[in-house]
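Trainee: Sending over a structure as structure tokens; questions will come in a sec.
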Amino acid sequence: MLENHPAPAFVPRLAYQDLRGAVDWLEPAFGFKTTLLATAGDGRVVHAEMNFADGLIVIGNEWENIKAPGSVDGVNTQTITAQLAGGIEEHCEKARAAGGRIIQEPKDQFHGDRTYRVADPEGHVWTFSQKLRAVTAAEMEAAVPGMKVWRK
């Protein structure tokens, strides 16, 4: 992050094998905006920062113990969830048209959101959600047998 550009408290960093390809795909497929792009002398992207709504992600190279899913047989140890203000069906179709692999079609969830999941070209799994309605703890518990909801 550059000086005078405050960052959120948490900023996920995703490792990609092809940083330029990741940036070029994430912008049209998901609507992310590149806010910082650092390149080496040969033009290779070595670091990128991308905004979506009030969120920020960092795109970076693989490290010794941080790998892109394609380097570890497609394994993901986390996903990133982004909240959409609306238009989840259109967002899903845009990601599909860009070559995203839809893992879960848009579906209403017990917690009041409609979500879909998509893998990007390097295998990172993204969940996009749109709030449909506020749900009480009792409604959540009723929707999923055996579930207990506690919030501090």
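Trainee: If the chain between I80 and A137 were fully stretched, how many nm would it gain, using 0.36 nm times the residue separation less the Cα-Cα distance? All intermediate terms of the calculation are to be shown ahead of the outcome.
Mentor: Numbers: separation 57, 0.36 × 57 = 20.52 nm, distance 2.40 nm.
Separation in residues times 0.36 nm, less the Cα-Cα distance, equals 18.1 nm.
Trainee: Let me know the shape class of region 86-133, please: from the alpha-carbon gyration tensor, a ≥ b ≥ c as square roots of the eigenvalues, rounded when a/c is under 1.5, otherwise prolate if a/b is greater than b/c, or oblate. Numbers along the way, then the final one.
Mentor: Working: a/c = 2.81, a/b = 1.77, b/c = 1.59.
Judged from the Cα gyration tensor, region 86-133 comes out prolate (a/c at least 1.5, a/b above b/c).
Trainee: Shifting gears a bit: For a quick check of understanding: with a 1.4 angstrom probe and all protein chains in place, what accessible area in square angstrom does H124 have, to the nearest ten?
Mentor: For H124, solvent-accessible area is about 10 Å².
Trainee: For the Cα atoms of the chain, what angle does the longest principal axis make with the long axis of helix 19-30, in degrees from 0 to 90, nearest 10?
Mentor: Around 40 degrees separate the two axes.
Trainee: Of R151, R44, R117, which has the most accessible area with a 1.4 Å probe, and how do the rest follow in descending order? Mind showing how you got there, number by number?
Mentor: Values: R151 215, R44 125, R117 85 Å².
Putting R151, R44, R117 in descending order of accessible area: R151, R44, R117.
Trainee: Mind pulling the angle between the C-alpha long axis of helix 88-97 and the longest principal axis of the chain? Nearest 10 degrees, somewhere in 0 to 90.
Mentor: Around 40 degrees separate the two axes.
Trainee: Please work out the Kirkwood hydrodynamic radius for the chain, using every pair of different C-alpha atoms, and report it in angstroms with one decimal place. Numbers along the way, then the final one.
Mentor: Numbers: mean 1/r = 0.0588 Å⁻¹.
In the chain this quantity evaluates to 17.0 Å.
Trainee: Rounded to a whole number, what % of the accessible area of region 61-106 do carbon and sulfur atoms account for, probe 1.4 Å?
Mentor: On the way: 1510 of 3020 Å².
Summing carbon and sulfur atoms, their accessible area is 50 percent of the total for region 61-106.
Trainee: Rounded, prolate or oblate for region 9-66? Axes are the square roots of the Cα gyration tensor eigenvalues, ordered a ≥ b ≥ c, and the cut-off for rounded is a/c under 1.5.
Mentor: On the way: a/c = 1.72, a/b = 1.26, b/c = 1.36.
Oblate, because a/c is 1.5 or more while a/b does not exceed b/c.
Trainee: In addition: Of the GluC sites (Glu not before Pro) in region 1-95, which ones lie in a loop per DSSP and count no more than 13 other C-beta atoms within 10 Å?
Mentor: Working: sites: E3, E49, E62, E64, E89, E90, E93; in loops: E3, E62, E64.
Qualifying residues, ordered by number: E3, E64.
Trainee: Given Cα pairs under 8 Å that are at least 6 residues apart, what percent is the relative contact order of the chain? Write down the numbers at each step before the final one.
Mentor: Values: 259 pairs, mean separation 28.5, N = 152.
Relative CO of the chain lands at 19 percent.
The values are calculated or read from the model by the stated rules, or taken from the named source; none is laboratory data. No experiment lies behind these values; they were computed from the predicted model shown. No Cβ is skipped: glycine too gets one built from the backbone with ideal geometry, and neighbour counts run over all protein chains shown. Heavy atoms of the whole protein, side chains included, go into the accessibility calculation; ligands, DNA and RNA do not. Shrake-Rupley method; radii C 1.70, N 1.55, O 1.52, S 1.80 Å.
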